[in-house]
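Q: Would you mind keeping the following structure in view while I ask a few things?
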Amino acid sequence: MKVLANDGVSQSGIDALEAAGYEVITTTVAQEQLQNYINENNIDVLLVRSATKVRKDIIDNCPSLKIIGRGGVGMDNIDVEYARSKGLHVINTPAASSHSVAELVFGHFYGLARFLHNSNRDMPLEGDTKFKALKKNYAKGTELKGKTLGVIGFGRIGQATAKVAIGAGMKVVAFDPFIEKVDLELEFFDGQKVNFQIETISKEEVLKQADFLTLHVPAQKDYVIDEKEFNQMKDGVIIANAARGGVVNEVELVKAMESGKVARAALDVFEKEPTPEIQLLMNPALSLTPHTGAATNEAQDRIGVELAEQIISILN
């Protein structure tokens, strides 16, 4: 059987599939050529990440397909229910990248709290001539310890982010319309484990309490954070969106930063991805990454192996 990993897959995933007798193809096929390629090569399994879209045209016109796999969590680039209604298996790896995303969020938070995103730009340009001025400019950092992290969306990634926050000495408050309470277990290097129970509260209360705010929700029709939500936040809040482009109204975010309601913000995802608005790219109050939340070697290894295990289980 043939597996097309159109957006790539880790070597560990390839090794597991090949050991089970599968042929793995890692050619990246353009979206408009994908249907023909699948049919001409009798592809049984199509693996994608966020770049390739699997819509009704591919589902209807590629009879050899048995499985569509998404290396990651969100499957908004796949017509999941339609595919399943046609008898295809649709799989993903919801747990594999949770900690990677959580660490990226905190990389942004620590950087924003101490202005690293700006000082790393300014020091190479002016560090030799304006050292004292730069020192003064970036002398009003803040610590995360003792602050409150608000988490909007308390699934696997939200919970992983909460664990990092607790380890950093933060208080965690969370909102999720489908979860009432969560038992978090923190494991330490020496085998000790500590358990925390977090009961979710209203979205409005999270927004009111949060010094730092992170979003971990799927793509949806309306903005999760819009003008109304910005108005409910503390002045000077720091925000991170490593969930999906379109859950934060970027126009209102810029306004909120200009007014001081939002001190600084981090974006790993964008409404107009892969061509973000220039106003975002050039904004000094933003710390930016190009949708790399799950892009660690460890996460990609876990994703590849988990996909391989699911494929082998289904087809064997």
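The values are calculated or read from the model by the stated rules, or taken from the named source; none is laboratory data. Just so it is clear, the structure is predicted and the values come from calculations on it, not from any experiment. FYI the Cβ positions are ideal-geometry reconstructions off the backbone, even for glycines, and counts take in every protein chain you see. Ligands, DNA and RNA are excluded from the accessible area calculation, which covers all protein heavy atoms including side chains. Shrake-Rupley method; radii C 1.70, N 1.55, O 1.52, S 1.80 Å.
Q: Out of curiosity, is Phe175 out of contact with any Lys or Arg (no Cβ under 7 Å at 6 or more places or on another chain) and hydrophobic (A, V, I, L, M, F, W, C)?
A: Answer is no for this residue.
Q: If Gly13 passes every condition in (1) in a helix (DSSP H, G or I); (2) in contact (Cβ under 8 Å) with a residue 40 or more places away in the chain; (3) surrounded by fewer than 20 Cβ atoms within 10 Å (Cβ to Cβ); (4) not polar (S, T, N, Q) but one, which one does it miss?
A: Only one criterion in (1) in a helix (DSSP H, G or I); (2) in contact (Cβ under 8 Å) with a residue 40 or more places away in the chain; (3) surrounded by fewer than 20 Cβ atoms within 10 Å (Cβ to Cβ); (4) not polar (S, T, N, Q) is unmet by Gly13, namely (3).
Q: Name the residue, out of Ala165, Ala174, Ala240, that is in contact with a Phe, Trp or Tyr (Cβ under 7 Å, 6 or more places away or on another chain), of a type outside the set (Asp, Glu) and under 20 Å from Tyr110 (Cβ atoms).
A: Just one listed residue meets the conditions, Ala240.
Q: I need every pair where a residue in the stretch 176-203 that is under 22 Å from His216 (Cα atoms) has its Cβ under 9 Å from the Cβ of a residue that is of a type in the set (Ser, Thr, Tyr), sequence separation at least 6 or different chains.
A: Close Cβ pairs satisfying both conditions: Asp176/Thr200; Pro177/Thr200; Ile179/Thr200; Glu180/Thr200; Lys181/Thr200; Val182/Thr200.
Q: Taking the stretch 122-154 as the search range and keeping residues that are among the hydrophobic types (A, V, I, L, M, F, W, C) and surrounded by fewer than 16 Cβ atoms within 10 Å (Cβ to Cβ), which one is nearest to Ala240 (Cα to Cα)?
A: The residue in question is Ala139.
Q: What pairs come out if I take residues in the stretch 122-141 that are under 22 Å from Asn283 (Cβ atoms) and pair them with residues that are aromatic (Phe, Trp, Tyr) whose C-beta lies under 7 Å away, six or more apart or interchain?
A: Listed by first residue and then by second, the contacts come to Tyr138/Phe115; Gly141/Phe115.
Yes/no matrix, rows are residues, columns are (1) assigned to a helix (DSSP H, G or I); (2) open to solvent by less than 10 Å² (accessible area, probe 1.4 Å):
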site: Ala96; (1), (2): no, yes
site: Phe109; (1), (2): yes, yes
site: Asn120; (1), (2): yes, no
site: Ile157; (1), (2): yes, no
site: Ala160; (1), (2): yes, no
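Q: Only one residue in Val217, Val173, Val224, Val206 is β-branched (Val, Ile, Thr) and free of Cβ contacts under 8 Å to residues at least 40 places away in the same chain. Which one?
A: Val173
To keep it simple, each residue is scored yes or no on (1) part of a helix (DSSP H, G or I); (2) hydroxyl-bearing (Ser, Thr, Tyr); (3) buried (at least 18 other Cβ atoms within 10 Å of the Cβ).
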| residue | (1), (2), (3) |
| --- | --- |
| Asn231 | yes, no, no |
| Ile238 | no, no, yes |
| Gly245 | no, no, yes |
| Glu252 | yes, no, yes |
| Ala256 | yes, no, yes |
| Gln279 | yes, no, no |
| Pro284 | no, no, no |
| Ser287 | no, yes, yes |
